[in-house]
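One structure is given here, and the rest of the page talks about it.
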Amino acid sequence: MASKLKEIEENALQLSPQDRAKLAEHLIHSLDELEDAEAERLWIAEAERRYKEYKEGKVEGIQAELVFKEARLKLK
């Protein structure tokens, strides 16, 4: 499947910038078509995966005040 994806990518990159933008818009829109329940199920699975990694010590948490401080600095 990876080779098919690579082939599609190579073909897409040969399109004009306008056609690539149109293709990207269609692809992004297709992701928005997921059923709300399916999207929620996927987010829950992702949250559970991240929590498990945190509990197993595979990733470290970041204090909320540091996250917000960094976000505010990026918004300036």
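Just so you know, all these numbers are worked out from the coordinates, no wet-lab data involved. The model shown is predicted, which means the values in this text are computed figures rather than measured ones.
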Inset, instruction - Any chance you could give the angle, 0 to 90 degrees and rounded to 10, that helix 2-13 forms with the longest Cα principal axis of the chain? - result: 70
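Give the shape of region 17-56 as rounded, prolate or oblate, defined through the alpha-carbon gyration tensor: a ≥ b ≥ c are the square roots of its eigenvalues, a/c under 1.5 means rounded, and otherwise the shape is prolate if a/b is larger than b/c and oblate if not.
Cα axes put region 17-56 in the oblate bin.
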Inset, instruction - In Å³ and rounded to a whole number, note down the convex hull volume per residue for the Cα atoms of the chain. - result: 193
Legend entry - MRE, 222 nm, helices only [DSSP H, n ≥ 4, -39500 (n - 2.57), over the chain, to nearest 500]: -26000 deg cm²/dmol
Inset, instruction - Any chance you could give the angle, 0 to 90 degrees and rounded to 10, that helix 17-32 forms with the longest Cα principal axis of the chain? - result: 50
Legend entry - Most mobile of Glu53, Glu65, Glu38 in a GNM of the chain (Cα contacts under 10 Å): Glu65
